[in-house]
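S.K.: Here you go, one structure.
The values are calculated or read from the model by the stated rules, or taken from the named source; none is laboratory data. Keep in mind it's a predicted model, so treat the numbers as computed, not measured. Virtual Cβ from ideal backbone geometry, glycine too; neighbours counted across all protein chains shown. Side chains included, ligands, DNA and RNA excluded: accessible areas come from the protein's heavy atoms. Shrake-Rupley method; radii C 1.70, N 1.55, O 1.52, S 1.80 Å.
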Amino acid sequence: MTQSKADFLSYIEHEKKYSDKTVTAYSKDLEDFEAFAKETLGDQYLVKADRPFFRKWLFSLSKDGFAKTT
């Protein structure tokens with residue numbers, strides 16, 4: 001887990017007081033996004049990610065049956 005991800009999850013857990021289930025869901029979502037990004041863009045995914053990439057990711061979620069509000 002990257003330090004940024006750990007910091008974010010800690011923030012939503014302790015500062016925002018999100019439930020354990022919500023924090024776990026966010027963690028899984030971030031892991032899924034990272035896997036998709038690495039598969040699509042390679043190791044430099046954070047540098048290469050742009051608006052069209054995010055649209056592609058969102059489209060892949062809707063194709064997999066996730067609602068727009070997910």
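S.K.: Among (1) 106; (2) 118; (3) 73, which is the computed volume of the Cα convex hull per residue in Å³?
M.R.: Checked against the structure: label (1).
S.K.: Per residue, how many Å² of accessible area does the chain show with a 1.4 Å probe?
M.R.: Numbers: 5870 Å² over 70 residues.
With all protein chains present, the chain gives 84 Å² per residue.
S.K.: Further question on the same structure: Once the Cα atoms of helix 20-41 and of the chain are each reduced to a long axis, what angle between those two axes, in degrees from 0 to 90 to the nearest 10, is obtained?
M.R.: 20 degrees
S.K.: Also: Ignoring any ligand, DNA or RNA, what whole percent of the accessible area of the chain comes from carbon and sulfur when the probe is 1.4 angstrom? Walk me through the numbers before you get to the answer.
M.R.: Values: 3170 of 5870 Å².
Percent of accessible area from carbon and sulfur atoms in the chain: 54.
S.K.: If you place +1 on the Cβ of every Lys and Arg and -1 on the Cβ of every Asp and Glu, how big does the dipole about the Cα centre of the chain come out, in debye to the nearest 20? Mind dumping the intermediate values first?
M.R.: Details: 12 positive and 12 negative charges, 71 e Å.
For this selection, approximately 340 debye.
S.K.: Can you find, among Gln44, Leu30, Ser62, the residue sitting farthest towards the positive end of the charge dipole of the chain, where Lys and Arg contribute +1 and Asp and Glu -1 at Cβ?
M.R.: Ser62
S.K.: Quick one: 3J(HN,Hα) in Hz for segment 49-54, Karplus 6.51/-1.76/1.60 with θ = phi - 60°, rounded, Gly and Pro as x.
M.R.: Running phi through 6.51 cos²θ - 1.76 cosθ + 1.60 with θ = phi - 60° gives 5, 9, 4, x, 5, 4 Hz.
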